[in-house]
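Scroll down for the structure; my scribbles are underneath it.
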Amino acid sequence: MSFSGSHHAASPALLNSFASNSVSLWIEGRPGHQDSLEAQDVRAQGVSTSTNCSATRKTTITSAFSSAQTLANNSVSYLTNTTPGNTARFKTWFGTYTSANWTTAKTHFNAIKSALDTKSVVVDCGCTDSSYAYVYPASPYKIYVCNAFWNAPLTGTDSKAGTLIHEMSHFTVVAGTDDHAYGQSAAKSLAISSPTRALDNADSHEYFAENTPAQN
């Protein structure tokens, strides 16, 4: 089993790495969780929740999911309709423009949008630690949300909607992103030092989608 960050840290933590051939888990430094087998209200597509989600939290998740769809749609529209180049928004989060890098970002967001629009996404409320969320990259499309998720704003920087974008990007069948940097400052620095790693960084995708403060 390998442990690594699944979302920007709620508090600084050292991430330990372990190896296994059986399962991978992207998570913010904490003990491993078993992929629980509780009953789920699964629909053909859209978002549903595990039975450990209260009615209030189910409503919150529905709103966050809808906002995440809007962020993904807006990101795809931007990357499709904006003339490719060193736009402020692209350069801030993904570094100096190249045609290949723009295409990679567009491919990733098309995949994120498609997953949010057409797949059966399950959100589990059982996590009680201080981080935002985690996923098993090889087990789409189940997202485990934690305490920081509930305290986050619906939209804007480090939001509930952005968290869902971040976690969706981790799934191998979506964008297969890693966690190279956490937080806006570190993500901006990563875009300068390594655009390739920025395009493989989940927080960079989240911040591009959240676009707060707004950039063109």
Checklist outcome for this item: By the mean-Cβ-within-10 Å protection proxy, highest first, 176-188, 82-94 rank as 176-188, 82-94
Checklist entry - What are the residues whose amide H is under 5 Å from the amide H of Ser120, where those residues sit 5 or more places off or on another chain and H is modelled from the backbone? => result Gly46
Checklist entry - Each residue of region 197-211 in order: what ³J(HN,Hα) in whole Hz does its phi give by Karplus 6.51 cos²θ - 1.76 cosθ + 1.60, θ = phi - 60°, with x for Gly and Pro? => result 6, 4, 6, 10, 9, 5, 5, 4, 5, 4, 6, 4, 5, 5, 6
Item to check | FRET efficiency estimate (nearest 0.05) - Cβ-Cβ, Ser120 to Asn147, R0 22 angstrom | outcome: 0.30
Next on the checklist: Can you list residues from other chains, or at least 5 along the same chain, whose modelled amide H is less than 5 Å from the amide H of Thr49?
Outcome noted: Asp41, Val123
Checklist entry - Length gain on complete extension for the stretch Thr70 to Ala55, per 0.36 nm per residue less the alpha carbon to alpha carbon distance? => result 3.1 nm
Next on the checklist: Can you compute 3J(HN,Hα) from phi for each residue in region 86-92, using the Karplus curve 6.51 cos²θ - 1.76 cosθ + 1.60 with θ = phi - 60°, rounded to whole Hz and x for Gly and Pro?
Outcome noted: 7, 5, 4, 5, 5, 5, 4
Checklist outcome for this item: Where a ≥ b ≥ c are root eigenvalues of the Cα gyration tensor, a/c under 1.5 meaning rounded, otherwise prolate if a/b exceeds b/c and oblate otherwise, region 44-161 counts as prolate
Checklist entry - What residue among Ala133, Ser204, Thr96 has its Cα farthest toward the positive end of the dipole of region 58-216, where the charges are +1 on Lys, Arg and -1 on Asp, Glu, each on the Cβ? => result Thr96
Checklist outcome for this item: In order over region 167-181: 3J(HN,Hα) from phi, Karplus 6.51/-1.76/1.60, θ = phi - 60°, whole Hz, x for each Gly or Pro, gives 5, 4, 5, 6, 4, 4, 7, 9, 10, x, 6, 10, 10, 9, 8
Next on the checklist: Strictly over 28 Å apart at the Cα level, which of Lys91/Lys142; Lys106/Lys160; Lys119/Lys188 would you flag in this model?
Outcome noted: Lys91/Lys142; Lys119/Lys188
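Values quoted throughout were computed directly from the atomic coordinates according to the rules given, and no laboratory measurement underlies them. Keep in mind it's a predicted model, so treat the numbers as computed, not measured. All Cβ positions, even for glycine, are placed from backbone atoms using ideal geometry, and neighbour counts span all protein chains on display.
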